[in-house]
1. Identify, please: which residue in the range 151-197 is among the β-branched types (Val, Ile, Thr) and assigned to a helix (DSSP H, G or I) and is, among those, surrounded by the most Cβ atoms within 10 Å (Cβ to Cβ)?
2. Going by the structure shown, is Ala99 surrounded by fewer than 21 Cβ atoms within 10 Å (Cβ to Cβ) and more than 31 Å from the chain's Cα centre (by Cα)?
3. Being in a strand (DSSP E or B), in contact with a Phe, Trp or Tyr (Cβ under 8 Å, 6 or more places away or on another chain) and either loosely packed, with under 15 Cβ neighbours inside 10 Å or modelled with pLDDT of 95 or more (or both) narrows it down to one of Ile379, Ile342, so name that one.
4. Val368: in contact (Cβ under 8 Å) with a residue 12 or more places away in the chain and in contact with a Ser or Thr (Cβ under 6 Å, 6 or more places away or on another chain), yes or no?
5. Quick check on my filter: what residues within the range 237-270 are more than 22 Å from the chain's Cα centre (by Cα) and surrounded by 13 or more Cβ atoms within 10 Å (Cβ to Cβ)?
6. Quick one: which of Ser365, Ser353, Ser302 is out of contact with any Gly (no Cβ under 8 Å at 6 or more places or on another chain) and among the small types (Gly, Ala, Ser)?
7. Could you check Phe67 against (1) in a strand (DSSP E or B); (2) under 24 Å from Arg199 (Cα atoms) and say which number it fails?
8. Just to be sure before I move on: is Leu88 touching a Gly at 6+ places or on another chain (Cβ under 6 Å) and within 19 Å of Phe153 (Cβ to Cβ) in the structure I sent?
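The values are calculated or read from the model by the stated rules, or taken from the named source; none is laboratory data. Small disclaimer: the values here were computed from a predicted structure and weren't measured. For neighbour counting, all protein chains shown are included, and Cβ atoms are generated from backbone atoms with ideal geometry for every residue, glycine included.
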Amino acid sequence: MNVHKELVGHRPTWAEIDLDALAHNFHVIRNHVGPDVKVLAAVKADAYGHGAVQCARRLQQEGADWFGVALPEEGIGLRTNRITKPILCLGGFWQGQEAVVLEHNLTPVVFRIDMLDSINRAARNADVVVNVHVKVDSGMGRLGVQDDALPEFCEALSRFANIRVDGLMTHLASADSVEHEEFTKEQIRRFQVAVDLFRSRGIVPSYIHAANSAATFAYEASWGNMVRVGGSLYGFLRDVFPSNIDSPALRPVMSLRSRIVLLKKVSKGEPLGYGCTFKTTRDSLIATLPIGYDDGYRRDLSNRGRVIIRGQFAPVVGRVSMDLTLIDVTDVPGAALDDEVILLGSNGKLRISAEDIAEMIDTISYEVSCGISSRVPRIFNK
């Protein structure tokens, strides 16, 4: 892949997306759950910042059974780019979107009776039966039908002739936490009670699913006949899996890179950047990179982050600004204009992971990758 050629005429800052690593991670998951369990690949939020269309195309090629998006708009984006596999809209739909949900053959998650009414009306008008997945709130406390409302919800379903319950689902709040193991087991138990209730009312969905990435590897009892994986697909580990299991052999999918656009010698005692938060303690060689917090390289990394250049680490100095970041390359022999700099990724044995960055700025790896903004071009391996 000739990245430099692809960036001719553009600012030399880019994210590389390794689709082979994505495919590898998918097959690790597929082999783990076996052939009888479907795999839903979460590609919401632009595939966690990795590029939804390109990732979905590759995953569809590799045999993904379903795709998960947050919004109908995201599902429409996949459909218009030749993604034909079933697409689950995890956040449901908004008032007025019923017709486009049907038009693009999207499967909405439902959790309110008025949603049933509006999607049923749209389906009746279109003379179709719409598949939906009902979300049960087993303890996450966000979306979903609560335990005490389930009987009424089941009763309401019987009134809507143009709706078919194709799936029952819940979401596990703390499957990644050893400390919350009993809570997770209780969520799984409560969900099974809900499944039994629906079945006792004659509602027998095709799909039963509760497992996210963590539960896929830590709680087989949560699988049902489909798992929903997101972070694990993109190679995240520490933020995904509980510490009491062996992490699977996943590979990072994204790296973030830039190039030196200016080198300058700076005397000892000189302040650098907004607010003069850094002063050189020696005569220094300082490099400017064309990347900043509007690109998703967080301001929290000011005077704390580090990058890889010429096979060694170099520190971020001064405040990260909107479009530019400074690094100290005094100890990097031969540092030169146009040198490639890795802000996220690896070179030989040196590595800066999304989890490393997340730990430094007190967040999670998901936010790191999702935060890489759209003005950073994604370069996909072929």
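1. Step one: of the range 151-197, the residues among the β-branched types (Val, Ile, Thr) are 163, 165, 170, 178, 184, 188, 193, 195.
So of that shortlist, the ones also assigned to a helix (DSSP H, G or I) come out as 178, 184, 188, 193, 195.
On the way: Val178: 12, Thr184: 26, Ile188: 22, Val193: 12, Val195: 20.
Across the range 151-197, the extreme among qualifying residues is Thr184.
2. Numbers: surrounded by fewer than 21 Cβ atoms within 10 Å (Cβ to Cβ): yes; more than 31 Å from the chain's Cα centre (by Cα): no.
Spelling it out, it is not the case that Ala99 is surrounded by fewer than 21 Cβ atoms within 10 Å (Cβ to Cβ) and more than 31 Å from the chain's Cα centre (by Cα).
3. Working: Ile342 fails: in contact with a Phe, Trp or Tyr (Cβ under 8 Å, 6 or more places away or on another chain).
Result of the check over Ile379, Ile342: Ile379.
4. Details: in contact (Cβ under 8 Å) with a residue 12 or more places away in the chain: yes; in contact with a Ser or Thr (Cβ under 6 Å, 6 or more places away or on another chain): no.
Against the criterion (in contact (Cβ under 8 Å) with a residue 12 or more places away in the chain and in contact with a Ser or Thr (Cβ under 6 Å, 6 or more places away or on another chain)), Val368 does not qualify.
5. Selection gives Ser258, Arg259, Ile260, Val261, Leu263, Val266, Glu270.
6. Numbers: Ser365 fails: out of contact with any Gly (no Cβ under 8 Å at 6 or more places or on another chain); Ser302 fails: out of contact with any Gly (no Cβ under 8 Å at 6 or more places or on another chain).
Answer to the check: Ser353.
7. The failed condition is (2).
8. Values: touching a Gly at 6+ places or on another chain (Cβ under 6 Å): yes; within 19 Å of Phe153 (Cβ to Cβ): yes.
Yes.
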